[in-house]
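Reviewing the structure listed below.
The values are calculated or read from the model by the stated rules, or taken from the named source; none is laboratory data. If you're wondering where the values come from, they're calculated on a predicted model, not measured in any experiment. Because the Cβ atoms are built from the backbone with ideal geometry, glycine has one as well, and the counts that use them run over all protein chains shown.
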Amino acid sequence: LPPHLMVKAGHLWIGGQDTVDLAQRFGTPLYVTDEDRIRENFRRLAGALTAHYPNVRILYAAKANGNLAVFRILASMGAGADVFSAGEVSLALAAGMRPESLLFNGSSKSPADLALAVEKGIKVSVDSLDELRQLNAAAAEAGKTVEIAFRVNPEIDVPTHPKIATGLATSKFGIPAGQILDAYREALDAGHVNPVGIHCHIGSQILAVEPFAREVEVLIRLASDLIDIGVDPSFIDIGGGLGIPYRRETDRAPTPEDYAGAIMPIFLKGIRDLGIEPELWIEPGRWLIGDSTILLTRVNSVKTAHRTFANVDAGFNLFIRPAMYDAHHEVVAANKADTPPQREYSVAGPICEMGDILASDRMLPDLEAGDLIAVLDAGAYGFAMSSQYNSRPRCAEVLVAGGRAALMRRAETIDDLIATMLTPPW
Ligand code: LLP
């Protein structure tokens, strides 16, 4: 178990709180996030990079966990944010992040998105020439100039799930390497956009450092070409993607020090040779937040069929990673945490789909209705990807810190479900 989780008196504890008490007090299902763990993760990652080079900026990938309390914690650590929507922009600004520390990303920005970036003075990672022209026109209209990067597609194959490998030649993201210089040339001439950076992201949950090293090589070559056409890059953003060891026994995950050790020498030699001193930006989501959070879910019933099922109250409505990516998350019997494993269970949710299995064939203590299961490493792309499928209100989120626990999101109610619905007048 990571240090913020421990077993005490037979129960799983997180951040100094007994999960059995938390489930009692706040109800289940329940996401529980340890604030100190987020801070520690941030310090560790930032420290590993700044040990090589001081000009590093960390942009929290807001999509990983969109809770305002989480934004506030990261803002207080000095993070900016990689934002993909008007909602993420608003949350980041509400948390006190400065507009200049945000990068508005995405391959399909609406006219309203572009107008918002112009109005707030947020840098934009431009993903197509069409978007460039629209952004330039929006900036001209407002009498402003917007600082931009282009998102370059590095055409790098990365070892991860195909749904989250974003830097492949076939990806919907980024501008192909063969078109990127023309894009910068057009931006230089456009009048109301100022190309000041380079942006790239190769994929997510990457458990090797070599792809990042190759990515940095591509970006340094691009920086060199950009200097030739008159662009002096003030930041190089290598995106996020550093993976975490979800399979705690067997995954070999690079540490932040491994990551920094693989990319920084290439980056530093590259910029020294070019005679530039750009900021290095990274956009971690999962690494900052993934292991900070558990999902507590109550056993409703147990059934032995061709397998033994523990039917719990959280399904892929609340946690879709196992169904969507075949993701493996460790599960712990939170109220029997020091009972030795006795039998194999599949932990199944309440949704009316076969794919609603949170964990398959795991050795757990004998379970019965009322037992409490904790799904580990649920902080990134957990609540953030939840839905109301099967008309299930979303659950609450609790933050724990320094021996205290408080709601950071109340549970939705059935009334909340109905509140946005209207009856057409015929
Ligand atoms: N920057 C950009 C442009 C991204 O698209 C992403 C993630 C990140 C940064 C952060 O990546 P991270 O450091 O968290 O790996 N829902 C999937 C992951 C989707 C990632 C989308 N983009 C999952 O649950 O595995």
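State whether the residues of segment 217-224 include one that is closer than 24 Å to D377 by Cα, of a type outside the set (D, E), surrounded by 17 or more Cβ atoms within 10 Å (Cβ to Cβ) and within 15 Å of the ligand (Cβ to nearest atom). Give the derivation first.
Start the filter on segment 217-224 by keeping residues that are closer than 24 Å to D377 by Cα, which leaves none.
No, segment 217-224 has no match at all.
Between a residue in segment 41-53 that is free of Cβ contacts under 8 Å to residues at least 24 places away in the same chain and any residue that is not hydroxyl-bearing (S, T, Y), which pairs come within a Cβ distance under 9 Å, given they are 6 or more apart or on different chains?
These pairs meet every condition: T50/V56; T50/A260.
Conditions tested, residue by residue: (1) within 16 Å of the ligand (Cβ to nearest atom); (2) under 17 Å from the mean Cα position of the chain (by Cα); (3) farther than 23 Å from L114 by Cα.
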residue: P159; (1), (2), (3): yes, no, yes
residue: K163; (1), (2), (3): yes, yes, yes
residue: D189; (1), (2), (3): no, no, no
residue: H192; (1), (2), (3): no, no, no
residue: G197; (1), (2), (3): yes, no, no
residue: I202; (1), (2), (3): yes, yes, yes
residue: S234; (1), (2), (3): no, no, no
residue: G241; (1), (2), (3): yes, yes, yes
residue: D251; (1), (2), (3): yes, no, yes
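Need the failing condition index for H52 against (1) assigned to a strand (DSSP E or B); (2) farther than 28 Å from A337 by Cα; (3) not polar (S, T, N, Q), just the number.
Among (1) assigned to a strand (DSSP E or B); (2) farther than 28 Å from A337 by Cα; (3) not polar (S, T, N, Q), the lone unmet condition for H52 is (1).
Do you know which of the residues in segment 290-314 that are over 21 Å from G379 (Cα atoms), polar (S, T, N, Q) and in contact (Cβ under 8 Å) with a residue 24 or more places away in the chain is nearest to the ligand (Cβ to nearest atom)?
Step by step, filter segment 290-314, then rank; the result is N311.
Quick one: which residue in L372, L376 is touching a residue at least 60 places away in the same chain (Cβ under 8 Å) and in contact with an Asp or Glu (Cβ under 8 Å, 6 or more places away or on another chain)?
L376
Looking at (1) on the phi > 0 side of the Ramachandran plot; (2) assigned to a helix (DSSP H, G or I), which is the one condition that is false for G203?
Against the list (1) on the phi > 0 side of the Ramachandran plot; (2) assigned to a helix (DSSP H, G or I), G203 comes up short only on (2).
Please verify whether I263 is over 20 Å from A81 (Cα atoms), at pLDDT 95 or above and surrounded by fewer than 20 Cβ atoms within 10 Å (Cβ to Cβ), treating the condition exactly as stated.
Working: over 20 Å from A81 (Cα atoms): yes; at pLDDT 95 or above: yes; surrounded by fewer than 20 Cβ atoms within 10 Å (Cβ to Cβ): no.
Considered against the rule, which asks whether it is over 20 Å from A81 (Cα atoms), at pLDDT 95 or above and surrounded by fewer than 20 Cβ atoms within 10 Å (Cβ to Cβ), I263 comes out as no.
Applying the selection to segment 395-420, what residues are within 10 Å of F26 (Cβ to Cβ) and not in a strand (DSSP E or B)? It would help to see each step written out before you state the result.
If we filter segment 395-420 for residues that are within 10 Å of F26 (Cβ to Cβ), which is where we start, we get 395-398, 405-407, 410-411.
Residues satisfying the conditions are C395, R410, A411.
Taking segment 163-200, which residues are part of a loop (DSSP other than H, G, I, E, B), at pLDDT 95 or above and under 17 Å from D127 (Cβ atoms)? So that I can check it myself, show each step before the final result.
In the first step, residues of segment 163-200 are kept if they are part of a loop (DSSP other than H, G, I, E, B); the result is 165-174, 191-192, 200.
Now narrow it down to the ones that are at pLDDT 95 or above: 191-192, 200.
Within segment 163-200, C200 is the sole residue that qualifies.
Could you pull out the residue among W281, W287 that is in a helix (DSSP H, G or I) and within 15 Å of the ligand (Cβ to nearest atom)? Spell out how you get there, then give the answer.
On the way: W281 fails: in a helix (DSSP H, G or I).
On inspection, the qualifying residue turns out to be W287.
Quick check on segment 375-388: of everything there that is of a type in the set (A, V, I, L, M) and surrounded by fewer than 24 Cβ atoms within 10 Å (Cβ to Cβ), which residue is farthest from L358 (Cα to Cα)? Steps first, answer last, please.
At the first step, the residues of segment 375-388 found to be of a type in the set (A, V, I, L, M) are 375-376, 378, 380, 384-385.
Of the ones still in play, those that are also surrounded by fewer than 24 Cβ atoms within 10 Å (Cβ to Cβ) are 376, 384-385.
On the way: L376: 11, A384: 16, M385: 14 Å.
Among those residues, the one meeting the criterion is A384.
Quickly run through segment 90-115 and pick out the residues that are crowded, with 23+ Cβ neighbours inside 10 Å and among the hydrophobic types (A, V, I, L, M, F, W, C).
A92, M97, L102, L103, F104
Do we find a residue being of a type outside the set (F, W, Y), under 19 Å from W281 (Cα atoms), out of contact with any helix residue (DSSP H, G or I) (no Cβ under 7 Å at 6 or more places or on another chain) and not in a helix (DSSP H, G or I) anywhere in segment 89-102?
Scanning segment 89-102, I find at least one residue that is of a type outside the set (F, W, Y), under 19 Å from W281 (Cα atoms), out of contact with any helix residue (DSSP H, G or I) (no Cβ under 7 Å at 6 or more places or on another chain) and not in a helix (DSSP H, G or I), so the answer is yes.
Restricting to segment 104-143, and then to whatever is under 19 Å from S90 (Cβ atoms), out of contact with any strand residue (DSSP E or B) (no Cβ under 7 Å at 6 or more places or on another chain) and of a type in the set (S, T, N, Q), can you tell me which residue is nearest to the ligand (Cβ to nearest atom)?
Only one residue tops the list, namely S108.
I'd like to check something: does segment 298-319 contain any residue that is within 22 Å of the chain's Cα centre (by Cα), under 16 Å from S360 (Cβ atoms), of a type in the set (G, A, S) and at pLDDT 95 or above?
Taking segment 298-319 first, the residues within 22 Å of the chain's Cα centre (by Cα) are 314-319.
Filter once more, so that each one left must be under 16 Å from S360 (Cβ atoms): 314-316, 319.
If we keep only those that are of a type in the set (G, A, S) too, we end up with 314-315.
Cutting the leftovers down to at pLDDT 95 or above gives us 314-315.
Checked segment 298-319: at least one residue is within 22 Å of the chain's Cα centre (by Cα), under 16 Å from S360 (Cβ atoms), of a type in the set (G, A, S) and at pLDDT 95 or above.
From (1) away from the ligand (no atom under 16 Å from the Cβ); (2) touching a residue at least 12 places away in the same chain (Cβ under 8 Å), pick out the condition that doesn't hold for G275.
For G275, the failing item is (2).
Between residues in segment 186-210 that are under 18 Å from F173 (Cβ atoms) and residues that are part of a strand (DSSP E or B) and of a type in the set (K, R), which pairs lie under 6 Å by C-beta distance while being six or more apart or on different chains?
H199/R151
Looking only at segment 390-408, decide whether some residue is farther than 22 Å from L5 by Cα and crowded, with 17+ Cβ neighbours inside 10 Å.
Of all residues in segment 390-408, those farther than 22 Å from L5 by Cα come to 390-394.
Within this subset, residues satisfying the condition of being crowded, with 17+ Cβ neighbours inside 10 Å are 392, 394.
So far as segment 390-408 goes, yes, one or more of its residues are farther than 22 Å from L5 by Cα and crowded, with 17+ Cβ neighbours inside 10 Å.
Which residues, taken from segment 315-355, are within 16 Å of the ligand (Cβ to nearest atom) and of a type in the set (A, V, I, L, M)?
Within segment 315-355, L318, I320, A323, M324, A327 meet the criteria.
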